[in-house]
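Data block below; observations after.
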Amino acid sequence: MSSSPAGWSGPSAIADVCGLRSPTASEHLSLLRRGGLVVSRKDGKQVFHRADSAAMAQRLGAPKDYLARCCPPDAVADLRRCRQPRRSSIADIAATTDGATL
């Protein structure tokens, strides 16, 4: 059995790290390869894979930019503060309803 080239891993090594069965890891790697996020190379009967960092950065750049415009970190913090439950006493609720029945 040949050892994996530097920076490259076989499906069983990836499966071990991820806690998956080897066939499951191979299927996931196939999907990632088709999506252009993983590069594969064959060495005899073995196939080795590595992440394509440049492709990942390129493909994740658009959603990252969108989220930065749509949901900047300070807006997310404001939203979290708004979602915190407000603690009101019965007197506070009565004062805001101007005597209307609840």
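Give the number of residues within segment 11-48 that are assigned to a helix (DSSP H, G or I) and under 23 Å from Leu60 (Cβ atoms). Number satisfying all stated conditions: 12. Take the residues in segment 35-69 that are loosely packed, with under 11 Cβ neighbours inside 10 Å and small (Gly, Ala, Ser); name whichever of them is nearest to Ser22 (Cα to Cα). Selected residue: Gly44.
Which of the following residues is farther than 21 Å from Trp8 by Cβ, at pLDDT below 90 and open to solvent by less than 60 Å² (accessible area, probe 1.4 Å): Pro85, Pro72?
On the way: Pro85 fails: open to solvent by less than 60 Å² (accessible area, probe 1.4 Å).
The match here is Pro72.
The values are calculated or read from the model by the stated rules, or taken from the named source; none is laboratory data. Source: prediction; values computed, not measured. FYI the Cβ positions are ideal-geometry reconstructions off the backbone, even for glycines, and counts take in every protein chain you see. Heavy atoms of the whole protein, side chains included, go into the accessibility calculation; ligands, DNA and RNA do not. Shrake-Rupley method; radii C 1.70, N 1.55, O 1.52, S 1.80 Å.
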